[in-house]
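The values are calculated or read from the model by the stated rules, or taken from the named source; none is laboratory data. Quick caveat, the model's predicted, so the values are computed rather than measured. So basically every Cβ, Gly included, is an ideal-geometry build from the backbone, and we count neighbours across all protein chains shown.
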Amino acid sequence: MLVSVDGKISTGDRDALDFDKDIPRIIGAKEGLSQYYDLEKKTDFFSLNSGRVFEKICINKPKRHILKLPVNFVVIDDKPHLTELGVRNLLAKARKLYIVTTNRQHPAFRIMSENLEIIYFSKAIHFKQLFQLLRSKIGILRMTIQSGGTLNAVLLREGLLDHLSLVIAPLLVGGRNTSSLIDGESLHTLGDLKKIKVLKFKKAVVLKHDYLQLIYDIVNR
């Protein structure tokens with residue numbers, strides 16, 4: 001994940017504001033951004049993300065040319081944030097696309113493709129069950145998570161994240177409502193402290209242009 005020094009994963013609290021679009025405009029931060037994309041290319045062959053994140057990076061807009069990647073996308077999308085065009089763009093981009101949804105009206109249901117599989121939950125998505133299904137039925141042993149702060153919080157608190165790789169951009173963004181690495185509901189009581197995850201430090205890599213990569217294992221007791 002790409003984060004600022006104060007833990008933000010976006011430049012503001014509106015979808016029009018986004019690291020990918022905005023950091024290239026910021027002198028002192030734009031010079032080292034390519035290092036993050038180089039590291040991103042080395043991630044797993046399965047990548048989990050949300051429809052909202054793909055909507056933010058304009059996947060629903062017409063594309064002249066889409067580069068095919070050797071990556072399988074697992075996309076969590078209830079609202080939906082993806083349009084039919086967005087799903088087709090992702091199909092053109094991914095090796096295989098898995099849409100996970102509780103929405104029977106999702107546009108993916110209107111598309112017939114060998115590279116598309118819909119995983120439907122009738123009420124709420126049970127993420128432990130989903131991950132067990134991805135492992136047993138599809139054979140996914142490793143998967144990169146690149147979602148937003150709310151979904152990150154759900155997966156973290158359910159003990160479904162094992163490792164953390166952060167690329168720290170030399171930025172202080174601020175903003176009470178700006179999404180951070182882990183959002184979700186705040187803790188309220190001393191009993192909630194059990195939801196906090198301890199990290200075991202593995203490695204730090206000093207990158208160029210004041211960027212830093214930190215790697216941890218997540219302790220799931």
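Scanning the stretch 11-47 for residues that are touching a helix residue (DSSP H, G or I) at 6+ places or on another chain (Cβ under 6 Å) and surrounded by 14 or more Cβ atoms within 10 Å (Cβ to Cβ), we see that the one that is nearest to residue 134 (Cα to Cα) is 18. The set of residues in the stretch 64-100 that are buried (at least 19 other Cβ atoms within 10 Å of the Cβ), farther than 12 Å from residue 116 by Cα and in contact (Cβ under 8 Å) with a residue 40 or more places away in the chain contains only 76. Taken over the stretch 102-142, the criterion of being free of Cβ contacts under 8 Å to residues at least 40 places away in the same chain, surrounded by 14 or more Cβ atoms within 10 Å (Cβ to Cβ), in a loop (DSSP other than H, G, I, E, B) and of a type in the set (A, V, I, L, M) is satisfied by 111 alone.
Candidates 166, 187: the one that is assigned by TED's automatic domain parsing to the domain that holds residue 34, in a strand (DSSP E or B) and of a type in the set (A, V, I, L, M) is 166. Over 28 Å from residue 16 (Cα atoms), of a type in the set (A, V, I, L, M, F, W, C) and touching a Phe, Trp or Tyr at 6+ places or on another chain (Cβ under 6 Å): which single residue out of 160, 164, 190 fits that description? Going through 160, 164, 190 in turn, the sole match is 160. Restricting attention to the stretch 198-221, and to residues there that are part of a strand (DSSP E or B) and of a type in the set (Phe, Trp, Tyr), which single residue is nearest to residue 157 (Cα to Cα)? Among them, the one singled out is 216.
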